[in-house]
Amino acid sequence: MDREPDAPDPDEEPEQQTEEHPAQESHDADPLLQELVAHLRENRTELREEWARRISEADLLGVMSDEEIFSEATEVFDNYVDALETGSIENLQTYARELSERIIPRGVETHEVLGIVLLLRDILARELFAKYQRDSEHLNRILDAYEPAANRIAVTVGVSFVEERERVINEQQEAIRDLSTPVLQIRERLLILPIIGVLDSQRARQLTQQLLAAIRDNRAAVVVIDITGVATIDRTVANHLVQAVEASRLMGASTILTGLSPEVTQALVDLDVDLSMMQTVGDLQGGLEEAERLAGYRGAGATDATRRAET
Amino acid sequence: MSVAILREGDYLIAAILSDLTDKEVLELRGELTELVGRYRSRGLVIDVSALDVIDSFVARALRAIVLTVRLRGAQTVIVGIQPDVAIALVQFRLNLGPLRVALDLDAARTLLDQLTGGEAEDGR
């Protein structure tokens, strides 16, 4: 195949002298692309059907029905051809973003989106081969014009999809972070801190601060941290927990950790986290009983001492 | 020096009133070691609630005071560590194991009574 090296050389054809390189922003003037677009428009119906068929064959977009795939395919096809014609990817970008907004909540994966766009690119390329196979000179020039534009479209759609996905992920992360972590007083000088959901560094830090402030405000002697709602734990989070416990101790409160699931306990041991200073109890009920024992013992001690000091 | 040292029964109370220079920290350590011996104190309470910042030098000095004073026969309880200070101290990753901590003076007294076997109260 020698058409790659030919690509940047439009001087071969005198009538093409005025044309820019196909990858640059002057597609609307490119008669090759015009010809190509006209041809694709002519065969719109067959190409769309072919594409929809190939999508189903490749098991892409499994969450969508055939009708949906076909109607989306039509939209994408038209946008795709428009983008080829005008060389402007703005409309396609907008459309790709809207499409992503629609299909992301339904669980469409990145590889599926990239897969269908690449499928379309290949189907159209095949179509061009079929049409121009007798005139390989012409075919080469058509492909020179087509390939960079098609690749740029594929990149645009892929990037739009991933950006949209990241936006959704960021939104969800913020939502999780904003979920308040309540520190509840259930007895005098006894707090519980139920942790639910995903712990990341920022949330762990925020949580530690809330916990320490609550210890000071409630003059807490014992804190029960319940992590029944924490599905997984990694080294960073484990270290944050250890730090929270140690910081609570420096504030004068004992900490009891409860609700470690089998997965979490195994992870903690495998991670080799130093938990020697952590007091752990199997479930929240046991933890509360232990905490009441501790707080009750200390509470009584404190009142005794104050009483004696007053007399 | 911006530290008030009060004697109360068998206990000594050192309230740090404002941030200390490194030199003052070392002086405090010397003075407390000296006073614990002179008054034959059995317990020492160090109140750090006025400190918004405890750097690693002060943290190490506190630890040194605890260990020194213990050799002179007194147990130490630190009181009033602020939330931000607690987080910072933990992040220094110093060995703060020897530090006994209480939330306030009441709790500190209770803790000291336990540590010293409550004889201070009985002797009164």
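The values are calculated or read from the model by the stated rules, or taken from the named source; none is laboratory data. Since we're looking at a predicted model, the values are computed, not measured. So basically every Cβ, Gly included, is an ideal-geometry build from the backbone, and we count neighbours across all protein chains shown.
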Among (1) under 34 Å from the mean Cα position of the chain (by Cα); (2) on the phi > 0 side of the Ramachandran plot; (3) not aromatic (Phe, Trp, Tyr), A:Leu284 falls short only on (2)
Note on region B:1-22: residues surrounded by fewer than 14 Cβ atoms within 10 Å (Cβ to Cβ), outside any loop (DSSP other than H, G, I, E, B) and small (Gly, Ala, Ser) are B:Ala4
Scanning region A:222-237 residue by residue, the ones that are within 14 Å of another protein chain (Cβ to nearest Cβ) and in contact with a Leu (Cβ under 7 Å, 6 or more places away or on another chain) total 2
Restricting attention to region A:237-279, the residues that are surrounded by fewer than 18 Cβ atoms within 10 Å (Cβ to Cβ), more than 33 Å from the chain's Cα centre (by Cα) and not hydrophobic (A, V, I, L, M, F, W, C) number exactly 2
Scanning region A:41-61 for residues that are in contact (Cβ under 8 Å) with a residue 40 or more places away in the chain and of a type outside the set (A, V, I, L, M, F, W, C) gives A:Arg41, A:Asn43, A:Glu50, A:Arg54
Exactly one of A:Val37, A:Val63 is in the same structural domain as A:Asp122 (by TED's automatic domain parsing), at pLDDT 75 or above, in contact with a helix residue (DSSP H, G or I) (Cβ under 7 Å, 6 or more places away or on another chain) and closer than 17 Å to A:Tyr146 by Cβ, and that one is A:Val37
Cβ pairs under 6 Å, 6+ apart or interchain, first in region A:196-222 and at negative phi, second among the charged types (D, E, K, R), ordered by first then second residue, are A:Arg203/A:Arg177; A:Ala220/A:Arg189; A:Ala221/A:Arg189; A:Ala221/A:Arg298
Of the residues in region B:52-89, those that are over 13 Å from the mean Cα position of the chain (by Cα) and either over 19 Å from A:Ala220 (Cα atoms) or among the charged types (D, E, K, R) (or both) come to B:Asp52, B:Val53, B:Ile54, B:Asp55, B:Ser56, B:Phe57, B:Leu71, B:Arg72, B:Gly73, B:Asp84, B:Ala88, B:Leu89
B:Ala50 being surrounded by 18 or more Cβ atoms within 10 Å (Cβ to Cβ) and either at pLDDT below 90 or among the hydrophobic types (A, V, I, L, M, F, W, C) (or both):
no
Counted residues in region A:240-273 being within 15 Å of B:Gln91 (Cβ to Cβ) and more than 11 Å from every other protein chain (Cβ to nearest Cβ) come to 1
